[in-house]
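Here the structure comes first, spelled out in structure tokens, and everything after it is commentary.
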Amino acid sequence: LQFEPGFGQPFVFTVKSQVAAKPLPYEQEIAPITLKNAAGQVGLVGVATGVEVQLGDVTTELLSPINLEDFPSALLKMAVGNGKTVTLRRTFRYSDLEAKMNLSALPVKPDVRVVTQETLSIGEDRVVLASQMQVNISRAGIFSLTFELPDGMDVESLTGPALSHWTELKNQDGRILTLHLRGKTIGSTAFQVSLTGSGIATGEQSWEAPRLFIQEASKQEGQLQVVPEQGMRLNVQQR
């Protein structure tokens, strides 16, 4: 900054700097912008994040925490970039040129809740598990959902407005079906899943009913209706 000779009036200037973001999670050291040869400098530091980033550990040197309400809202608006809003998380005051902090940025984990309405049709020729899944995704978007295919069953149909395609992968844990979504999805969406398998042999005494569970779900609930074909009687042995 260069000034006219004899300039001695108070003034205000704005400096914006940026650095390319690293893949989450990551750690970053941050220090206030300071003027060389300044006789003294005091100021405020605020840390804000978007909805998909949360703060981990924050360690400070020569910074004193203050209330979020004491941080000027005008400064927060200046930090908005790419049209995305940010939320103030931590605020500090400093009066030493050596003030700095180390912080970690962590991804926000999505909260996936699933409600199902399922019908299990049982016969000697084949077994069909039809599921209507209502999936609600909050906090952060996701690109895919997975569930383990029950033993002896295959996909007859799988549809949904947010579904791009699905793939099956066999590993040591079993056969994993991945529902690839059309993009980063958040909010409520529905899927219709129909699985089929071979029927129950005549005289079979015990049979484990297939189960469909979304692995990313933090909570899953719903109703299961069991429909045997005519001439077949079922008794629940264990549930």
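The values are calculated or read from the model by the stated rules, or taken from the named source; none is laboratory data. The shown structure was predicted, so the numbers you read here are calculated from the model rather than taken from an experiment. Neighbour counts are summed over all protein chains in view; Cβ atoms, including those assigned to glycine, are modelled from backbone coordinates with ideal geometry. Side chains are part of the model used for accessible areas, which takes the heavy atoms of the whole protein and leaves out ligands, DNA and RNA. Shrake-Rupley method; radii C 1.70, N 1.55, O 1.52, S 1.80 Å.
Quick notes on this one:
- Summed over the residues of the stretch 38-156 and divided among them, the accessible surface reaches 56 Å² per residue at a probe radius of 1.4 Å.
- Computed from point charges on the beta carbon alone (+1 for Lys and Arg, -1 for Asp and Glu), the dipole magnitude for the stretch 58-108 about its Cα centre is near 280 Debye.
- Mean-position separation - Cα centroids, the stretch 1-76 and the stretch 123-137, in angstrom: 54 Å
- Fraction of accessible area attributable to carbon and sulfur, the stretch 131-173 (%, probe 1.4 Å): 47 percent
- Violating pairs (Cα-Cα greater than 30 angstrom) within the set Lys100/Lys219; Lys84/Lys170; Lys77/Lys100; Lys109/Lys170: Lys100/Lys219; Lys84/Lys170
- By the Stokes-Einstein formula, at 1.002 mPa s and 20 °C, the stretch 129-239 with its Kirkwood radius over alpha-carbon pairs has D equal to 136 µm²/s.
- For GluC sites (Glu not before Pro), the sites in the stretch 148-209 that DSSP calls loop and that have at most 16 other Cβ atoms within 10 Å are Glu204, Glu208.
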